[in-house]
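**Student:** Let me give you the structure first, and then I'll get to my questions.
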Amino acid sequence: MEGNYLVLILVGVIALFGIIGYNRLVGLRNAADKSFASIDAMAKKRYDLIPNLVATVSKYMEHERGTLTEITEMRARAMSGNISDNEKVDLENKINKAMGGIMVAVENYPDLKANQNFLQLQGSLNEIEEQLSAARRAYNAAVTDYNNACQMFPSNVFAMVFNFKTKPLFEISEVERQNVDVKKLFG
Amino acid sequence: MKTIDEFKTYFDAQMYPDLLVLDARRKKVLTRSTWVVLITLGLLALLIAIYHTIGMSAAAETSITIYVIVAVLILIVAGVSLGSWARDKTFYSDFKAQVIERIVNFISPDLVYEPKNFVGSDSFERSRIFLKSVDRYKGDDMVRGKIDKTQIWFSEVKAEYKTTTTDSKGNRKTSWHTIFKGMFFIADFNKHFQTSTVVLPNRLGKGFLADFFNKMNLARKEKHVRLEDPDFNKHFVVYGEDQVEARYVLSTSLMKRITDFRERHGNPLYVSFVNSFLYVAINYKRDLFEPSYFKKLTNFLLVKGFYEDIYLAISIVEELNLNNRIWTKQ
């Protein structure tokens with residue numbers, strides 16, 4: 001009889017740990033998903049600014065017309081919704097690069113640089129850029145917590161049993177890396 | 001911002017002549033006070049001597065009373081002369097005007113100095129840095145104004161709470177405990193945000209247990225925010241209501257700047273971001289901006305000390321790059 005009780009208690013304790021471990025993993029995974037959604041929200045906020053920017057800038061910029069139409073097209077594609085996550089990231093990188101190009105080109109147009117409307121837009125864009133980077137950092141922190149739980153003992157046992165997979169971190173995009181490539185600047 | 005050499009030039013040319021006069025007044029107070037103390041001690045010694053030589057012979061009971069009365073009279077006269085003849089009523093306020101106010105104006109003519117004013121307790125509590133409710137609050141030496149695009153306020157403050165204990169005989173005893181003493185600084189931050197983010201000194205250090213207890217933090221509504229800068233984490237632990245907004249406020253460059261600032265001045269540093277305002281509390285054990293009768297006012301090193309205390313607060317604007325208004329907040 002006593003042996004039976006012991007087995008029952010043991011099973012109970014394991015089940016309890018299992019429930020706690022499982023819930024913790026779910027909580028961490030949801031936190032990571034939630035912060036991924038906030039990256040999406042910020043990205044969308046930035047897309048909303050693009051038509052305004054294009055409208056303001058196109059009056060002044062003669063030589064960059066091509067880039068401007070390209071940005072508008074890319075934005076439309078990114079907003080359409082029926083594209084895969086990978087394509088989305090790819091498009092975002094391209095938009096990043098094109099926007100960066102425009103901001104550099106602005107230097108050649110003193111009138112535009114003094115335009116109140118443009119300055120305000122530039123402020124909003126900087127703000128969203130910063131928010132986007134904050135959202136990515138928050139996502140990486142959440143994913144690191146989740147991945148640690150998936151890989152560290154003892155929670156990794158439950159992760160294995162319940163099939164929790166680690167998530168990839170948000171890496172600095174290729175475009176952003178190129179921006180700080182000092183060798184290229186002086187090469 | 002101004003360099004220490006520029007300040008030395010200003011000190012020599014503008015402040016020194018007035019400080020000579022002020023220092024003469026300080027010396028006068030010190031000399032007179034010394035005289036009062038010496039004469040009082042002399043008279044009391046004399047009294048005791050008289051008592052020992054002739055006083056004993058008289059009827060003991062009544063003579064002691066007379067001696068005590070005379071001693072008390074001597075002490076009263078001493079007290080009154082310390083408070084009038086040996087006192088300079090305007091020394092303190094003249095010191096504030098000629099030393100502290102001049103320094104503030106030298107650093108920036110746009111700043112206003114109010115010796116008796118201070119950052120209010122409502123702002124202190126709004127900062128959410130110290131959650132203990134305040135029972136006694138005081139301060140002085142307020143500086144306010146604009147550094148380029150950034151509005152700032154700061155002053156010395158002291159916040160305390162009290163505890164009352166009753167012993168077995170039913171005597172109630174109230175004791176006061178300091179929540180914070182030092183410089184409290186507020187600035188209009190360069191980004192908009194709605195939630196609160198609090199940066200506190202990391203008293204537990206690194207390691208599994210430290211992380212565990214830092215994370216737990218039962219008292220706050222803000223949750224632990226784990227940031228990626230290891231140097232920053234060595235000094236600070238961060239709590240925020242919103243994980244994304246906390247990182248929006250604490251950009252990687254701002255973390256670096258706060259760490260540098262902390263490492264340079266060495267005192268415990270508390271920072272918070274609430275409703276688009278930045279709050280910084282810097283702990284000091286000593287009193288700030290107060291003169292001492294025992295220190296020579298014409299000594300540049302002494303005045304330089306006052307200058308550095310004020311400069312430290314004002315330099316927050318530049319150190320944390322608050323005039324960088326590239327976002328929508330102007």
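The values are calculated or read from the model by the stated rules, or taken from the named source; none is laboratory data. Worth saying up front: this structure is predicted, and the values here are computed from it rather than measured. For neighbour counting, all protein chains shown are included, and Cβ atoms are generated from backbone atoms with ideal geometry for every residue, glycine included.
**Student:** Does residue B:99 satisfy being assigned by TED's automatic domain parsing to the domain that holds residue B:140, touching a residue at least 60 places away in the same chain (Cβ under 8 Å) and either within 30 Å of residue B:309 (Cα to Cα) or among the hydrophobic types (A, V, I, L, M, F, W, C) (or both)? Lay out the reasoning, then the answer.
**Tutor:** Working: assigned by TED's automatic domain parsing to the domain that holds residue B:140: no; touching a residue at least 60 places away in the same chain (Cβ under 8 Å): yes; either within 30 Å of residue B:309 (Cα to Cα) or among the hydrophobic types (A, V, I, L, M, F, W, C) (or both): yes.
Here the answer is no, as residue B:99 does not meet what is asked.
**Student:** Residue under question is residue A:133, and the condition is that it be small (Gly, Ala, Ser), within 12 Å of another protein chain (Cβ to nearest Cβ) and buried (at least 16 other Cβ atoms within 10 Å of the Cβ); does it hold?
**Tutor:** yes
**Student:** Filter the range B:212-234 down to residues that are assigned to a helix (DSSP H, G or I) and either farther than 20 Å from residue B:268 by Cβ or not assigned by TED's automatic domain parsing to the domain that holds residue B:267 (or both), then give me how many there are.
**Tutor:** At the first step, the residues of the range B:212-234 found to be assigned to a helix (DSSP H, G or I) are B:212-216, B:230-234.
This time we only want the ones that are either farther than 20 Å from residue B:268 by Cβ or not assigned by TED's automatic domain parsing to the domain that holds residue B:267 (or both), so: B:212, B:215-216.
Total satisfying the criteria: 3.
**Student:** Out of all the residues in the range B:89-116, which are within 30 Å of residue B:26 (Cα to Cα) and touching a Gly at 6+ places or on another chain (Cβ under 8 Å)?
**Tutor:** Let us first name the residues in the range B:89-116 that are within 30 Å of residue B:26 (Cα to Cα), namely B:89-109, B:111-116.
Listed by number, the residues that qualify are B:108, B:111, B:112.
**Student:** Mind listing just one residue for me: the one in the range B:111-160 that is under 30 Å from residue B:327 (Cα atoms) and β-branched (Val, Ile, Thr) and, of those, surrounded by the fewest Cβ atoms within 10 Å (Cβ to Cβ)?
**Tutor:** B:112
**Student:** So residue A:164 ticks every box in (1) surrounded by 10 or more Cβ atoms within 10 Å (Cβ to Cβ); (2) part of a helix (DSSP H, G or I); (3) modelled with pLDDT of 80 or more but one. Which box is left unticked?
**Tutor:** Of the numbered conditions (1) surrounded by 10 or more Cβ atoms within 10 Å (Cβ to Cβ); (2) part of a helix (DSSP H, G or I); (3) modelled with pLDDT of 80 or more, the odd one out for residue A:164 is (2).
**Student:** Look through B:32, B:26, B:87 and report the one residue that is at negative phi, not in a helix (DSSP H, G or I) and not hydroxyl-bearing (Ser, Thr, Tyr).
**Tutor:** Step by step, each of B:32, B:26, B:87 is checked, and only B:87 is at negative phi, not in a helix (DSSP H, G or I) and not hydroxyl-bearing (Ser, Thr, Tyr).
Per-residue answers, yes or no, for (1) of a type in the set (D, E, K, R); (2) under 23 Å from residue B:228 (Cα atoms):
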site: A:46; (1), (2): yes, no
site: A:68; (1), (2): no, no
site: A:71; (1), (2): no, no
site: A:74; (1), (2): no, no
site: A:97; (1), (2): yes, no
site: A:101; (1), (2): no, no
site: A:129; (1), (2): yes, yes
site: A:144; (1), (2): no, yes
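**Student:** Would you call residue B:232 without any contact (Cβ under 8 Å) to a residue 40 or more places away in the chain, within 14 Å of chain A (Cβ to nearest Cβ), under 30 Å from residue B:305 (Cβ atoms) and buried (at least 19 other Cβ atoms within 10 Å of the Cβ)?
**Tutor:** Numbers: without any contact (Cβ under 8 Å) to a residue 40 or more places away in the chain: yes; within 14 Å of chain A (Cβ to nearest Cβ): yes; under 30 Å from residue B:305 (Cβ atoms): yes; buried (at least 19 other Cβ atoms within 10 Å of the Cβ): yes.
In short, yes.
**Student:** Within the range A:106-118, can you find the residues that are surrounded by fewer than 16 Cβ atoms within 10 Å (Cβ to Cβ) and aliphatic (A, V, I, L, M)?
**Tutor:** Across the range A:106-118, the qualifying residue is only A:114.
**Student:** Output yes when any residue across the range A:109-127 is farther than 21 Å from residue B:254 by Cα, more than 13 Å from chain B (Cβ to nearest Cβ) and not in a helix (DSSP H, G or I), and no when none is.
**Tutor:** Yes, the range A:109-127 contains a residue that is farther than 21 Å from residue B:254 by Cα, more than 13 Å from chain B (Cβ to nearest Cβ) and not in a helix (DSSP H, G or I).
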